[in-house]
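First the structure, in the form of structure tokens, and then the observations on it.
The values are calculated or read from the model by the stated rules, or taken from the named source; none is laboratory data. Since the structure is predicted, the reported quantities are computational estimates derived from the model, not experimental observations. Cβ atoms come from the backbone with ideal geometry, glycine included; neighbour counts cover every protein chain shown.
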Amino acid sequence: MPDNICFTEDPGRELTNFLATKKYSAVAVLTDENTRKHCYPLLENQIPAHTVITVPAGEEAKNLQTASSIWKALTDQKFDRHGVLIIVGGGVLGDMGGFCAVTYKRGIDFVLIPTTLLSQVDSSVGGKLGIDFENYKNHIGVFQTPALTAIHTGFLKSLPERELRSGFAEVLKHCIISDASMWNEIRRKSWKDQNWEKVIPHSVNFKLKIVAEDPRENGVRKILNTGHTIGHAVESYLLNHDRKVLHGEAVAAGLIMEAYLANQKGILTSHDADQIFKYVTEQFGKVDLPENGDAEILTLMLQDKKNKGNKILCVLLEGIGRARWDCEISNDEVKGALSFYRGY
Ligand SMILES: NC(=O)c1ccc[n+]([C@@H]2O[C@H](COP(=O)([O-])OP(=O)(O)OC[C@H]3O[C@@H](n4cnc5c(N)ncnc54)[C@H](O)[C@@H]3O)[C@@H](O)[C@H]2O)c1
Ligand SMILES: [Zn+2]
């Protein structure tokens, strides 16, 4: 584990120790409305004199306007280049707060205290930072790693259950593409009963390893998009039709359909594909995708920024624990997968 990521029972003490080793000129804490209420109180007394910046919660706020308000708050506080921003929140706040920090006066240090399961196992690792722009997700951003990431599973206690389950889709993804024995372990229990002390470090270590091999996503890092080629399109499609689902709920649907594609193409056995269909459906149920939406979902998939030219590229599983990337899939194959999902 690199020394800037730690797992801790006491994130406040971790912060105190970290700040004591640095000579920051000022400290600001960034929260959203929910993490201010549920997470900041656990840290408040252990952080030396600081200001708190609180922004609205949710993906809708991950935009230039909120970023401006963060830059403005730092400017109003006369924050200089030797200050540090401590970000207490989920993936939205980590991505946006990190982006604000690394662009403010050409860059100040930032610390991530991820408070959702998704941010603990996924977004706080790998250095991708940014905001949404117009209707494009994560359209403006940079790569940069935090000075410290402190992961405390205790924050998950206040997380709404549906958010917890959504983050679990990324855990499933990590196990399915990297580790058959961990997959066998987690699938014995429901998403609610997982041993987070074990599952979260497992996911973090796996993501760190992949990111170290391919920081800029030219090759192997692409396998982290498993379930996301179809999943993202499903998420956008439902959002366009006022039926917002959580990211992980769409990824769960994507995992099922992409496992089906891999099986149809003869690279994933029916035995392994069936395991995925069964467990993922038990945990997540199914999202409702009417047949007349297939064309729109395909159009959305063609816009995926990971495609090349006019071809849809996808990660396909070779077995539990192994995946290959940049596999071309045809429109008919996608339609077949959607139809399978509806009927499953
Ligand atoms: N940088 C990356 O590599 C990467 C990877 C995956 C996802 N992401 C990004 O992550 C974002 C999604 O992150 P998320 O799922 O954490 O969403 P989020 O940050 O919006 O958090 C979900 C909700 O839970 C609330 N919340 C957070 N922690 C809480 C707690 N401990 N108790 C109670 N409520 C709490 C938040 O206020 C919010 O309402 C997306 O914007 C996505 O683009 C980034
Ligand atoms: Zn995801």
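Quick notes
To keep it simple, each residue is scored yes or no on (1) surrounded by 14 or more Cβ atoms within 10 Å (Cβ to Cβ); (2) within 30 Å of residue 4 (Cβ to Cβ); (3) within 16 Å of ligand 1 (Cβ to nearest atom).
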position: 212; (1), (2), (3): no, yes, yes
position: 221; (1), (2), (3): yes, yes, yes
position: 225; (1), (2), (3): yes, yes, yes
position: 244; (1), (2), (3): no, no, yes
position: 250; (1), (2), (3): yes, no, yes
position: 253; (1), (2), (3): yes, no, no
position: 259; (1), (2), (3): yes, no, no
position: 262; (1), (2), (3): yes, no, no
position: 273; (1), (2), (3): yes, no, no
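- Selection status of residue 30, out of contact with any Phe, Trp or Tyr (no Cβ under 8 Å at 6 or more places or on another chain), in contact (Cβ under 8 Å) with a residue 60 or more places away in the chain, closer than 25 Å to residue 197 by Cα and hydrophobic (A, V, I, L, M, F, W, C): no
- Residue ID - farthest from the chain's Cα centre (by Cα), chosen from residues in segment 146-164 that are buried (at least 21 other Cβ atoms within 10 Å of the Cβ) and more than 10 Å from ligand 1 (Cβ to nearest atom): 148
- Of all residues making up segment 282-328, the number that are assigned to a strand (DSSP E or B), of a type outside the set (Asp, Glu) and in contact (Cβ under 8 Å) with a residue 40 or more places away in the chain: 12
- Unmet criterion (only one of (1) surrounded by fewer than 21 Cβ atoms within 10 Å (Cβ to Cβ); (2) modelled with pLDDT of 95 or more) for residue 97: (1)
- Residues of segment 206-252 classified as of a type in the set (A, V, I, L, M) and under 14 Å from residue 323 (Cβ atoms), total: 4
- Residue that is surrounded by the fewest Cβ atoms within 10 Å (Cβ to Cβ), among those in segment 102-140 that are within 10 Å of ligand 1 (Cβ to nearest atom) and in a helix (DSSP H, G or I): 123
- Number of residues in segment 233-266 that are of a type in the set (Phe, Trp, Tyr) and either under 20 Å from residue 135 (Cα atoms) or in contact with a Cys (Cβ under 9 Å, 6 or more places away or on another chain) (or both) equals 1.
- Scanning segment 166-204 for residues that are within 16 Å of ligand 2 (Cβ to nearest atom) and in contact with a strand residue (DSSP E or B) (Cβ under 8 Å, 6 or more places away or on another chain) turns up 176, 177, 200, 204.
- For segment 180-214, a residue qualifies if it is more than 24 Å from residue 149 (Cβ to Cβ) and either assigned to a loop (DSSP other than H, G, I, E, B) or of a type in the set (D, E, K, R) (or both), and the qualifying residues are 185, 187, 188, 189, 190, 192, 193.
- Flag for residue 88 being of a type outside the set (Phe, Trp, Tyr) and either under 19 Å from residue 106 (Cα atoms) or away from ligand 1 (no atom under 14 Å from the Cβ) (or both): no
- Flag if residue 227 is at positive phi and within 24 Å of the chain's Cα centre (by Cα): yes
- The numbered conditions (1) of a type outside the set (Phe, Trp, Tyr); (2) free of Cβ contacts under 8 Å to residues at least 40 places away in the same chain; (3) under 21 Å from residue 127 (Cα atoms); (4) assigned to a helix (DSSP H, G or I) are all true for residue 217 except (4).
- Single residue of segment 58-85 satisfying the filter (within 15 Å of ligand 1 (Cβ to nearest atom) and surrounded by 19 or more Cβ atoms within 10 Å (Cβ to Cβ)) that is nearest to residue 19 (Cα to Cα): 70
- Note on segment 8-50: residues that are more than 17 Å from residue 120 (Cα to Cα) and among the charged types (D, E, K, R) amount to 7.
- Yes/no for residue 5 being surrounded by 18 or more Cβ atoms within 10 Å (Cβ to Cβ) and closer than 17 Å to residue 124 by Cβ: yes
- Evaluation of residue 143 against (1) more than 10 Å from ligand 1 (Cβ to nearest atom); (2) of a type in the set (A, V, I, L, M, F, W, C); (3) out of contact with any helix residue (DSSP H, G or I) (no Cβ under 8 Å at 6 or more places or on another chain) (one fails), failing number: (1)
- Every pair of residues 6+ apart whose Cβ atoms lie under 8 Å, when the first sits in segment 246-264 and is among the acidic types (Asp, Glu) while the second is outside any helix (DSSP H, G or I) and more than 16 Å from ligand 1 (Cβ to nearest atom): 249/287; 258/314; 258/316; 258/317
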